[in-house]
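Everything on this sheet refers to the single structure shown next.
The values are calculated or read from the model by the stated rules, or taken from the named source; none is laboratory data. Because the structure is predicted, anything quoted here is derived from the model rather than measured. With ideal geometry, Cβ positions are generated from the backbone for all residues, glycine too; neighbour counts draw on all protein chains shown.
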Amino acid sequence: MSGVLRLDPIACDGHGLCAELFPERIRLDDWGFPIVDPAPVTGDLAAHARRAVSQCPKLALRLERAAKVASS
Amino acid sequence: MSALAAQPMLAPPGRLPRLLAGIQHEDRAISLDAHLRRFGPPHAPHDLIAVVDAAGLRGRGGAGFPTARKLAAVAAQRGRPIVVVNAAEGEPASGKDKVLLRFNPHLVLDGAVLAAAAVGAKQAVVAVSVEAVTERARLESAMAERRSRRLDRVGVKLVTVPEGFVTGEESALLRAVAGKPARPTTKPPYPFQQGLDGKPTLVQNAETLAHLALVARFGPQWFREAGTDEAPGTALVTLSGAVARRGVHEIELGTTLEELLQQAGGVTEAISAVLVGGYFGSWVRAEEAASLRLVPGNLGAGAVIAFPASACAVAEAARVARYLAGESAGQCGPCVHGLDAIAGGLEGLAGGAHDVDAARLERWAGMVAGRGACRHPDGAARFVASMLRAFPDELRQHARHGRCSRQPARILPLPKERRG
């Protein structure tokens, strides 16, 4: 089950839980806001991704099905 | 659209001027009669989208998106669409849309009505800055002329929007038109899918629609007689800085910067660089500037500033960077914090701080791009990063000695302070 992490930059307040829970794909910039790796999340990493999504206090993170992301 | 002759009866404009053709030297708008005498009756080809596609017209609001593709995307949506003419022109260094509204509003209105018919809209809204008082009055007169002749089958409304750099961003503009704060929204959905009142919305820059009005009358081959194969047609450029004839000029796309400066009477003093594309654009050193061809990809909204060598670019870049940071809609962390940090760094460099590192500013510029709900941080990052690349000697002087051999001077136009 693979997906792509999408961040809503307006909802995001820079709490930073996502980077703690999923450091493999999310790191924080110099001001504490997440930089999300756009590569698809597959296999074992998916559970970490889902936890980061569910723990975000602002519901700013979403995991979209990979099928939604069409490469041109 | 009135049922006049199927073919325009008049000779089309040559390569130049086109949008600026027929503009008198007095400060008044072309009347409807004069407009129809100069350009012929408004002509609606049965497949305008295909005609616009063949012409290769691209948007003139800054993004340079192919206009036919945008029209087709809106036309393909379910539900009745609406057209919004973006004449907000929040870029301080740009005056081209105001010139069109001031002198040639009928061309913009023709384009709006034609585009509406092509996408199946019955309403067009023209969004103008609340501060553009003369332009609003000229537009209202032109709209009244058309109404009294029952010229258009599309209802046209004028809406004022607040002044501001971000107000012209499509989704922010639609919010402003709806009476809400002019802040961008997250996409998707895009305006073409869900815009004003949830309807599919065609947002088009005023100048783009003016070109469209001429393409509809004179055809794609005519349009392509100016410009190049890859960059067909003409464009309006707002020229300022150290040049003899400042103001709005019309050029063929593909014109070099050197040709543009010559067309405007030449530079008035030695220049160090040219800012191409306004405050979301790029600084180009004078040595490379001469041969640079102006195309939608680098023109942005068409503001070009000839920067005099006597002026301190670091101080000016700091002033504009601070303005851009202040114009952030304030919704996204990387934009709010990043642009503030970059402006602070440039102000430090300009003012003599020794601990500011140009490499860190460049890293920050790379860090904010692509991370907001709109392209504000991207544009600001491009402006700053290109400045850092274009003025390495001046930056070194500032870092080492706290100043350079140039003078601080107000070259880049900014609006008067709006906020307390």
- Query: Regarding A:LEU5, is this residue in a strand (DSSP E or B), within 10 Å of the chain's Cα centre (by Cα), of a type outside the set (Ser, Thr, Tyr) and away from every other protein chain (no Cβ under 14 Å)?
  - Reply: no
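Which of the residues belonging to the range B:345-360 are small (Gly, Ala, Ser) and more than 12 Å from chain A (Cβ to nearest Cβ)?
First, pick out the residues of the range B:345-360 that are small (Gly, Ala, Ser): B:345, B:348, B:350-353, B:358-359.
Matches in the range B:345-360: B:GLY348, B:ALA350, B:GLY351, B:GLY352, B:ALA353, B:ALA358, B:ALA359.
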- Which residue out of A:ALA11, A:ALA39 is assigned to a loop (DSSP other than H, G, I, E, B), more than 13 Å from every other protein chain (Cβ to nearest Cβ), under 21 Å from B:GLY372 (Cα atoms) and among the aliphatic types (A, V, I, L, M)? A:ALA39
- Message: For the range B:36-47, which positions are outside any loop (DSSP other than H, G, I, E, B), over 22 Å from B:LEU253 (Cα atoms) and within 26 Å of the chain's Cα centre (by Cα)?
- Response: B:ARG38
- Got at least one residue in the range A:49-68 being surrounded by 15 or more Cβ atoms within 10 Å (Cβ to Cβ), among the small types (Gly, Ala, Ser) and within 11 Å of chain B (Cβ to nearest Cβ)? yes
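Residues being modelled with pLDDT under 95 and within 14 Å of chain A (Cβ to nearest Cβ): count how many of those fall in the range B:361-393. Walk me through how you get there before you give the answer.
First pass over the range B:361-393, keeping only residues modelled with pLDDT under 95: B:392-393.
From what is left, the residues that are within 14 Å of chain A (Cβ to nearest Cβ) are none.
Count: 0.
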- Query: Does A:LEU59 satisfy the condition of being assigned to a strand (DSSP E or B), of a type outside the set (S, T, N, Q) and in contact (Cβ under 8 Å) with a residue 40 or more places away in the chain?
  - Reply: no
- Task: For the range B:327-344, name all the residues that are more than 11 Å from every other protein chain (Cβ to nearest Cβ) and farther than 21 Å from B:LEU388 by Cα.
- Result: B:GLU327, B:SER328
- Task: Kindly indicate whether B:LEU361 is buried (at least 21 other Cβ atoms within 10 Å of the Cβ), over 26 Å from the mean Cα position of the chain (by Cα) and assigned to a helix (DSSP H, G or I).
- Result: yes
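Out of the residues in the range A:14-36 meeting the condition of being part of a loop (DSSP other than H, G, I, E, B), within 11 Å of chain B (Cβ to nearest Cβ) and in contact with a helix residue (DSSP H, G or I) (Cβ under 6 Å, 6 or more places away or on another chain), tell me which one is surrounded by the fewest Cβ atoms within 10 Å (Cβ to Cβ). Working first, answer last.
Taking the range A:14-36 and keeping what is part of a loop (DSSP other than H, G, I, E, B), we get A:14-16, A:22-25, A:29-33.
Adding the requirement that they be within 11 Å of chain B (Cβ to nearest Cβ) leaves A:14-16, A:29-33.
Filter again for in contact with a helix residue (DSSP H, G or I) (Cβ under 6 Å, 6 or more places away or on another chain), leaving A:14, A:29, A:31, A:33.
On the way: A:GLY14: 18, A:ASP29: 18, A:TRP31: 16, A:PHE33: 25.
The extreme case among them is A:TRP31.
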- Message: When the residues of the range B:60-81 are narrowed to those that are in a helix (DSSP H, G or I) and touching a residue at least 24 places away in the same chain (Cβ under 8 Å), which ends up farthest from B:HIS376 (Cα to Cα)?
- Response: B:ALA75
- Item | Those helices (runs of 4 or more DSSP H) lying entirely in the range B:247-303 with at least 3 residues touching a residue at least 24 places away in the same chain (Cβ under 8 Å) | B:257-263, B:296-299
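Just one of B:ALA116, B:ALA29, B:ALA21 is surrounded by fewer than 21 Cβ atoms within 10 Å (Cβ to Cβ), touching a residue at least 12 places away in the same chain (Cβ under 8 Å) and over 15 Å from the mean Cα position of the chain (by Cα); which is it? Before the answer, list the steps.
Working: B:ALA116 fails: surrounded by fewer than 21 Cβ atoms within 10 Å (Cβ to Cβ); B:ALA29 fails: surrounded by fewer than 21 Cβ atoms within 10 Å (Cβ to Cβ).
One residue alone meets the criteria, B:ALA21.
Among the residues of the range B:193-237, write down those that are among the polar types (S, T, N, Q) and either part of a helix (DSSP H, G or I) or within 16 Å of B:ALA115 (Cβ to Cβ) (or both).
Filtering the range B:193-237 down to residues among the polar types (S, T, N, Q) leaves B:193-194, B:201, B:204-205, B:208, B:221, B:228, B:234.
Passing the criteria: B:THR201, B:GLN204, B:ASN205, B:THR208, B:GLN221.
Considering only the range B:62-77, I want to know if a residue exists there that is within 30 Å of B:TYR279 (Cα to Cα) and over 21 Å from the mean Cα position of the chain (by Cα). Please lay out each step first, then the result.
At the first step, the residues of the range B:62-77 found to be within 30 Å of B:TYR279 (Cα to Cα) are B:62-71, B:73-74.
Within this subset, residues satisfying the condition of being over 21 Å from the mean Cα position of the chain (by Cα) are B:73-74.
Yes.
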- Which of the residues belonging to the range B:251-262 are buried (at least 21 other Cβ atoms within 10 Å of the Cβ) and within 16 Å of the chain's Cα centre (by Cα)? B:ILE251
- Query: Does the range B:281-302 include one or more residues that are on the phi > 0 side of the Ramachandran plot and of a type in the set (Gly, Ala, Ser)?
  - Reply: yes
